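Contents: one structure, followed by commentary.
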Amino acid sequence: MRSGRKAAGRQARRPAAAADPAASDEGEEARMDEPEWRRFVAAYHHAHPGITERLFALADASPYAWLAEPLRDAPGVVLDLACGSAPVRAELPNADWVGIDLSAAELAEASRRGRGPLVRADAGALPVASGRAGAVCAAMCLPVVTPLPRVLGEIGRVLRPGGTLAALVPSQTGLSPSGMLSWVRVMAALRAVRQPWPNPRARDGLAGLLCSAGFRVRSDERRVFRLAVGSADDAQLLAGALYLPALTPRRAEAARRSLARWAVRGRHLELPLRRVVADLPTGRPSQEPT
Ligand SMILES: C[S@@+](CC[C@H](N)C(=O)[O-])C[C@H]1O[C@@H](n2cnc3c(N)ncnc32)[C@H](O)[C@@H]1O
């Protein structure tokens with residue numbers, strides 16, 4: 001296990017870039033540099049362990065069950081990369097599963113929920129022997145983890161030839177006109193345009209990135225989930241669940257109040273997600289860590 005990184009919630013140099021399914025990659029210039037981003041993500045997950053799982057619990061169907069489908073019969077070890085509170089563990093109860101995350105708070109939340117085994121490690125330096133994993137699961141993490149080329153290299157190294165990667169990422173397409181308006185409402189309350197993902201291409205462009213990294217893409221599908229945001233508690237969860245480094249406590253409080261008024265019974269928010277399933281070709285020479 002690695003020692004904890006210093007968590008510091010420094011402000012982004014520019015206002016929150018955004019995040020939402022409605023925003024385009026154009027104008028992503030407001031992204032933070034890598035050390036700033038890593039500090040922000042560490043502090044965010046320290047303060048909000050299990051937040052992604054709690055947000056997804058509002059969905060009309062489980063995105064984690066959808067992600068786990070292609071891994072149900074995967075032979076060998078299933079490595080859950082950046083597992084957070086480890087919601088995928090519950091979807092693969094019979095798997096030889098290991099969860100890895102850099103956040104001690106997320107791993108503590110996973111442990112509190114009875115999920116394991118868990119290892120604290122960086123996705124860019126996995127403490128796993130080459131070719132050891134039969135499958136890698138990556139739920140909502142590839143747009144977040146840095147540096148992405150190193151992380152993809154590590155996934156390719158730890159997978160056995162023929163092994164499977166299943167990734168779940170946000171999608172920017174698929175919103176209905178009213179779904180788009182709802183996101184505009186939410187982001188306006190937060191005074192944000194988009195989330196400043198460090199790897200914006202690892203959303204709708206993920207299949208292309210994986211091909212370039214030597215994987216063979218088996219499927220690339222989008223599915224639009226619906227989050228039920230029908231109470232002030234749901235609104236509070238939503239307001240806290242986005243990566244918005246420039247959100248001040250005062251603005252966050254104002255957004256919570258505004259969204260609590262909007263979150264009436266029957267209110268839904270569309271959430272387009274993308275599932276990409278790729279295999280590591282057989283015959284590829286095994287890779288050593290760089
Ligand atoms: C959006 S959350 C997703 C958590 C979980 N997979 C889920 O879907 O509920 C992103 C996760 O990535 C983890 N993370 C970020 N950077 C990481 C890194 N370099 N190595 C390992 N985990 C990392 C965070 O601690 C957090 O748990």
**Asked** On the given criteria, is A47 without any contact (Cβ under 8 Å) to a residue 60 or more places away in the chain, surrounded by fewer than 20 Cβ atoms within 10 Å (Cβ to Cβ) and not charged (D, E, K, R)?
**Response** yes
**Prompt:** Looking at S103, S85, which is the one that is within 11 Å of the ligand (Cβ to nearest atom), crowded, with 24+ Cβ neighbours inside 10 Å and in contact (Cβ under 8 Å) with a residue 40 or more places away in the chain?
**Reply:** S103
**Message:** Cβ-Cβ under 6 Å, sequence separation 6+ or interchain: first residue in the range 153-180 and under 14 Å from F215 (Cβ atoms), partner surrounded by fewer than 17 Cβ atoms within 10 Å (Cβ to Cβ) and basic (K, R). Which pairs?
**Reply:** V158/R132; P161/R284
**Request:** Output the residues belonging to the range 235-252 that are crowded, with 16+ Cβ neighbours inside 10 Å and either part of a loop (DSSP other than H, G, I, E, B) or of a type in the set (S, T, N, Q) (or both).
**Result:** Q236, A241, L242, Y243, L244, P245, A246, L247
**Asked** Does at least one position in the range 198-207 carry a residue that is of a type outside the set (D, E, K, R), touching a residue at least 12 places away in the same chain (Cβ under 8 Å) and more than 16 Å from the ligand (Cβ to nearest atom)?
**Response** yes
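What residue, among those in the range 50-82 that are closer than 17 Å to Y243 by Cα and more than 8 Å from the ligand (Cβ to nearest atom), is surrounded by the fewest Cβ atoms within 10 Å (Cβ to Cβ)?
Pass one, the range 50-82, residues closer than 17 Å to Y243 by Cα: 50-56, 82.
Filter again for more than 8 Å from the ligand (Cβ to nearest atom), leaving 54-55.
Values: R54: 17, L55: 22.
Out of the qualifying residues, it is R54.
Quick grid of which residues meet (1) on the phi > 0 side of the Ramachandran plot; (2) over 19 Å from the mean Cα position of the chain (by Cα):
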| site | (1), (2) |
| --- | --- |
| E109 | no, no |
| G114 | yes, yes |
| I155 | no, no |
| G174 | yes, no |
| D204 | no, no |
| S212 | no, yes |
| R223 | no, no |
**Prompt:** Taking R257, is it surrounded by fewer than 16 Cβ atoms within 10 Å (Cβ to Cβ), basic (K, R) and over 24 Å from F56 (Cα atoms)?
**Reply:** no
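We did not get these values from a lab; they are worked out from the coordinates using the rules stated. Computed from a predicted structure; not experimentally measured. As a convention, Cβ positions derive from the backbone with ideal geometry for all residues, glycine included, and neighbour counts pool all protein chains shown.
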